[in-house]
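The values are calculated or read from the model by the stated rules, or taken from the named source; none is laboratory data. From a predicted model like this one, the values you see are computed outputs, not experimental measurements. Ideal geometry is used to build each Cβ from the backbone, glycine not excepted, and the neighbour counts take in all protein chains shown. Just so you know, the surface numbers come from the protein's heavy atoms only, side chains and all, with ligands and any DNA or RNA stripped out. Shrake-Rupley method; radii C 1.70, N 1.55, O 1.52, S 1.80 Å.
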Amino acid sequence: MRAGLNGLTLALVIRLLIRRSQVRALVGEPRIKLQSTGKYPPASSSAYRGAVRALVVLAAHAATVYPGWSFAASNEEILDAVNAVRMQGCDGRPGVAVPLREHPHMTEAARRTAQDLPYQEALASVGYRATRSVLIRMRGDPAARTVAGVVAGRSCANLADPSLSEIGIHQRARDTWIILAVPFSPPPAASAQAVARRVLELVNAKRGQPRMCGDQSYPAAAPVIMNATLNSVASAHASDMARHNYFAHEGLDGSTPPERVARAGYRWRAVGENIAAGQMTAEAVVEGWLKSPPHCGTLMGPQFTEMGVAYAVDQSSKAGIYWTQLFGRPR
């Protein structure tokens, strides 16, 4: 902002500052105070002329001290600029069509982070749960395009990650805090059957092809069918883990997977169990099991003919969502 400020820009600046309870300079102590009345003084008034003169002096002084100085951008302007870069792509990475959404809780967390609260604690303090989050802090020109350029330069991998879909923004003078997050968005309880069917579909597709699980080779295996008893036992164990905030094959009562299915009346020749925590979709949980050699081996086991799967959600637990998958072969 230079002394050669045009009239329209200056008028907009004055309207913005009159709305506030006071004007604060970016350098030194505040020298001007304008009490907000909710009405704008007429252009011919002494108050208006005084504000114009004061702002011109302030702008000239700021331009001398900070040659690249400009007013902080609004959150909306920063969001638009960041999304433009995200859509275009950066550092050789393709663009992301889905724009970031500003979340009010995340913006409040960014404000609290600016007050020296660690950003993950700030997110927790406002009740925002993220599967993954990242903080980007910068100091310098607060203009929206500059901020977007810095984000793309410092954190392109995060900006180009479509799973990071929500953003919080806070600016104070020439400092900017931005939080990006993968929101905690588990499937609703009403979708349990549809999710179970999708897991079954994915499992049978994977079983239908030969596969390496770690250093062990598995041939293609026959498809499994859904079993209601195994579903029920899987649901009970997933719920127990979520409710009591633990992650283990052994239940809090000391029970093992074979003992739990036998207790439910399932007479078995073979039983196997996979568990997982934190995944939000059927696709993610199956891919996670395939990447773990022991879980992959259970999933590919040719001895199994039936399957049950369930998830349970508890926002207060460490992982938030817990999964149990049971395989069986009845007598």
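With contacts defined as alpha carbon pairs under 8 Å and 6 or more residues apart, what's the relative contact order of the stretch 198-300 in percent?
Reported relative contact order: 32 percent.
Between Gln303 and Arg154, the simple label model (points 7 Å from Cα in the Cβ direction) yields a spacing of 5.4 nm. Applying a DSSP loop filter and a limit of 15 other Cβ atoms within 10 Å to the GluC sites (Glu not before Pro) in the stretch 212-282 leaves Glu250.
Each residue of the stretch 258-274 was assigned a 3J(HN,Hα) from its phi angle through the Karplus curve 6.51 cos²θ - 1.76 cosθ + 1.60 (θ = phi - 60°); the sequence is x, 5, 5, 6, 5, 4, 7, x, 8, 8, 10, 9, 8, 9, x, 9, 10 Hz, with glycine and proline shown as x.
As a length-normalised measure over Cα pairs under 8 Å and 6 or more apart, the relative contact order of the stretch 182-256 settles at 17 percent. Each of Ala276, Ser292, Val224 was scored by the projection of its Cα onto the charge dipole of the stretch 200-331, and the greatest displacement toward the positive side belongs to Val224; charges sit on the C-beta of Lys, Arg, Asp and Glu.
Surface calculation, 1.4 Å probe, protein heavy atoms: Leu202 sits at approximately 30 Å² accessible.
When the residues Thr176, Thr146 are ordered by accessible surface, computed with a 1.4 Å probe over the protein chains alone, the sequence from largest down reads Thr146, Thr176.
Projecting the Cα atoms of Thr113, Ala148, Ser125 onto the charge dipole of the stretch 101-157, computed from C-beta unit charges around the Cα centre, puts Ala148 farthest toward the positive end.
Among the protein heavy atoms, those of Arg197 account for about 140 Å² of accessible surface (1.4 Å probe, every chain in place). The candidates Thr256, Thr107, arranged from most to least accessible area with a 1.4 Å probe in the full protein assembly, appear as Thr256, Thr107. His237 sits among other residues whose Cβ lies under 14 Å from its own Cβ, and their net charge, with Lys and Arg +1 and Asp and Glu -1, is -3. Among the protein heavy atoms of the stretch 202-331, carbon and sulfur supply 52% of the accessible surface, probe 1.4 Å, non-protein parts ignored. In this structure the stretch 193-292 gives 52 Å² per residue of accessible area when probed at 1.4 Å with all protein chains present.
Other residues within the sphere of radius under 15 Å centred on the Cβ of Arg329, judged by their own Cβ, net out at +2 (K and R +1, D and E -1). For Phe184, Phe327, the ranking by accessible surface with the largest value first comes to Phe184, Phe327, using a 1.4 Å probe.
Using a 1.4 angstrom probe and counting only protein chains, how large is the accessible area of Val126 in Å², to 10? So the heavy atoms of Val126 present about 20 Å² to solvent.
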